[in-house]
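The values are calculated or read from the model by the stated rules, or taken from the named source; none is laboratory data. What you see is a predicted model, and the numbers here were worked out from it, not measured in a lab. Note: ideal-geometry Cβ built from the backbone for every residue, glycine included; neighbour counts use all protein chains shown. For accessibility, only protein heavy atoms count, side chains too; no ligands or nucleic acids. Shrake-Rupley method; radii C 1.70, N 1.55, O 1.52, S 1.80 Å.
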Amino acid sequence: MIGSARRRLAALAATAALASLATVPAARADAPAPAPAPNLATNPGFEIPTLPLADWGSIPGWHCAAGEGAVTAAARTGSSALALTPASDDSTARCTQTLAVRPDTTYTYSAWVRGSYAFLGASGTGHDVPPAWTASTGGGWQRLSTSFTTGPATTSVQLYAHGWYGQGPVSVDDVSVTGDSPAPAPLTTSVPTADPVVFITIDDGWTRDPAVLQLLADRKVPVTAFPLPMPEGFEPDYFSRATAVPGSAIEDHSVSHRDLTALSPAEQQAEICDARDAVTARYGTVPTLFRPPYFAVDADLQQAAANCGMAYLVTANADFGWGASNTSHPDGALQAGDIVILHFTDTLLTDLRRTLDAADRAGLKPAALTGYLR
C-alpha cells in the first residue's frame with residue numbers, strides 16, 4: 001500500500017504547475033479602508049462548540065469520514081483548528097461543507113494549513129477547478145487560496161480540504177470564502193394566492209403516533225414536516241411515511257431548536273446548514289424552506305438561511321396544535337393561503353382532524369407548500 005501511495009505522490013508532483021503571482025497596487029494613503037468582505041464559510045475557525053445532540057456532527061458545519069476529522073487545540077488563531085488524519089493508505093481524510101452561491105459569480109476560497117500534502121478546493125462549481133495544494137508547510141502555517149466561478153445554473157458548491165494517501169495529519173484553520181452572498185431569504189407567514197388551498201406544517205418530531213400516518217394516507221393530505229435531526233435519527237422511516245403523499249416535503253428546523261436570534265451569525269448558519277445536511281443524508285432531498293424556532297427572526301438569520309440555500313423562512317398565521325384553533329383573521333376561520341402550524345405531539349391526531357374540518361368548512365383543500373414557495 002505504501003508503494004501505491006508513493007506512486008500517487010510521484011504522479012502528483014509530475015503534474016504540478018507553478019501559480020502565477022499577481023502584483024497588487026498599493027492603496028492611496030488618503031483612500032478609506034474598504035470594508036472587509038463577509039466570510040460565507042460555515043464555522044470557518046472551527047470554534048463553534050459541539051452540542052450534546054445527535055446528528056450535529058463531530059465538527060459543526062463540516063462533514064468528515066469517521067475518525068478522520070477532529071477538532072484540535074493546536075490552532076493558528078483562536079482555540080480550535082481542524083485536524084485531518086487519513087485512516088488508511090487509501091484515504092485522503094477529506095472534509096467537506098456545502099455552501100449556497102450565486103450563478104455566474106466568482107468566489108475565493110482560502111485557508112491556513114499546516115503539514116504535508118494539504119489540499120483545498122471546491123467541487124460542483126459548474127467548471128473544472130484545480131485545487132490549491134502544498135507539498136509541505138515546513139512545520140509552520142501556510143495560506144492556500146483558490147478561486148472559482150460558478151456556472152449559469154449553479155446554486156451550491158461543495159468546499160473541501162484534505163490530506164494525501166499514506167501521509168500524516170494536516171491541520172486547517174481560518175477558512176475564508178468571499179464573493180457575492182445569496183440574497184437574504186424572505187420571511188412568509190402565509191401564501192398570497194386566490195387558490196382555495198391551505199398549507200399544513202408539522203414541527204419537531206418527539207411524538208410519533210402511527211395513527212397520524214394512517215390519517216394522512218387515508219385523506220391524502222400533503223404536509224410539510226419540519227422535524228429536528230435528533231428525533232429524525234430515532235425513527236427516520238416515520239417521517240418518510242408522514243410525507244409519503246405527493247406534494248409533501250421534509251424541510252429544515254435547525255439542529256437544537258434554540259432561539260437562533262440569540263446566537264452569532266456563524267452559529268445561526270451552522271444550525272441551519274447542519275440540519276439541512278441531516279435531512280439530505282437521510283432522505284435524499286435538499287431542504288429549501290426553514291422554520292425558525294419560536295418564529296424568532298432577525299436580519300442575520302435571514303442571511304444565514306440564504307447561505308444554507310433556504311429560499312424562504314416560513315412561520316404561520318394559524319395554530320391548531322395542542323387543541324387550539326387560532327388564526328390571524330377576525331372571524332377565526334381559515335382563508336386561502338393560510339399556513340397552519342402543528343406539532344408531532346400526542347394530540348396531533350385530533351389536531352389534524354380539527355384542521356381538516358376547519359379547512360372543509362372554509363372550502364379549502366390542503367396543498368403542497370413547496371409548490372407555491374419556490
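Observations, loosely collected:
- Test result for Ala318, over 30 Å from Val177 (Cα atoms) and out of contact with any helix residue (DSSP H, G or I) (no Cβ under 7 Å at 6 or more places or on another chain): yes
- Options Ala296, Ala333, Ala305, Ala278: the member that is of a type in the set (A, V, I, L, M), touching a helix residue (DSSP H, G or I) at 6+ places or on another chain (Cβ under 9 Å) and modelled with pLDDT under 95: Ala278
- Number of positions in the stretch 232-246 that are modelled with pLDDT of 95 or more and either open to solvent by less than 20 Å² (accessible area, probe 1.4 Å) or small (Gly, Ala, Ser) (or both): 5
- Residue within the stretch 247-258 that is of a type in the set (Gly, Ala, Ser), farther than 17 Å from Pro60 by Cα and surrounded by fewer than 16 Cβ atoms within 10 Å (Cβ to Cβ) present: no
- If only residues of the stretch 358-374 that are modelled with pLDDT of 95 or more, open to solvent by 60 Å² or more (accessible area, probe 1.4 Å) and within 28 Å of Ala311 (Cα to Cα) are counted, the one that is farthest from the chain's Cα centre (by Cα) is Lys365.
- Residue in the stretch 206-223 that is surrounded by the most Cβ atoms within 10 Å (Cβ to Cβ), counting only those that are touching a residue at least 60 places away in the same chain (Cβ under 8 Å), of a type outside the set (Ser, Thr, Tyr) and not in a helix (DSSP H, G or I): Val223
- Residue in the stretch 305-312 that is in contact with a Phe, Trp or Tyr (Cβ under 6 Å, 6 or more places away or on another chain) and either in a loop (DSSP other than H, G, I, E, B) or not acidic (Asp, Glu) (or both) present: yes
- Enumeration of residues in the stretch 279-308 that are within 24 Å of Asn39 (Cα to Cα), touching a Lys or Arg at 6+ places or on another chain (Cβ under 9 Å) and of a type outside the set (A, V, I, L, M, F, W, C): Pro287, Thr288
- Strands (runs of 3 or more DSSP E) contained in the stretch 48-122 and holding at least 3 residues free of Cβ contacts under 8 Å to residues at least 40 places away in the same chain: 69-72
- Subset of the stretch 57-93 [among the charged types (D, E, K, R) and either within 22 Å of the chain's Cα centre (by Cα) or modelled with pLDDT of 90 or more (or both)]: Glu68, Arg76, Asp90
- Identification of strands (runs of 3 or more DSSP E) wholly contained in the stretch 139-205 with 2 or more residues that are open to solvent by 50 Å² or more (accessible area, probe 1.4 Å) and touching a residue at least 60 places away in the same chain (Cβ under 8 Å) yields 156-162.
- Per the listing Gly321, Gly371, Gly363, the residue uniquely touching a Ser or Thr at 6+ places or on another chain (Cβ under 9 Å) and of a type in the set (Gly, Ala, Ser) is Gly321.
- Check on Thr96, under 16 Å from Trp62 (Cβ atoms), β-branched (Val, Ile, Thr), under 23 Å from the mean Cα position of the chain (by Cα) and open to solvent by 10 Å² or more (accessible area, probe 1.4 Å): yes
- For the stretch 112-126, the criterion of being modelled with pLDDT under 95 and more than 29 Å from Thr50 (Cα to Cα) is met by at least one residue.
- Across the stretch 310-357, the qualifying residues are those that are without any contact (Cβ under 8 Å) to a residue 60 or more places away in the chain and among the charged types (D, E, K, R), and the one among them that is most open to solvent (accessible area, probe 1.4 Å) is Asp331.
- If you go through the stretch 259-285 and keep only what is among the polar types (S, T, N, Q) and surrounded by fewer than 20 Cβ atoms within 10 Å (Cβ to Cβ), you end up with Thr261, Ser264, Thr280, Thr285.
- The set of residues in the stretch 229-281 being outside any helix (DSSP H, G or I), aliphatic (A, V, I, L, M) and under 22 Å from Ala211 (Cα atoms) consists of Ala244, Val245, Ala249, Ile250.
- Residue check for Thr134: open to solvent by less than 50 Å² (accessible area, probe 1.4 Å), part of a loop (DSSP other than H, G, I, E, B) and modelled with pLDDT of 95 or more: no
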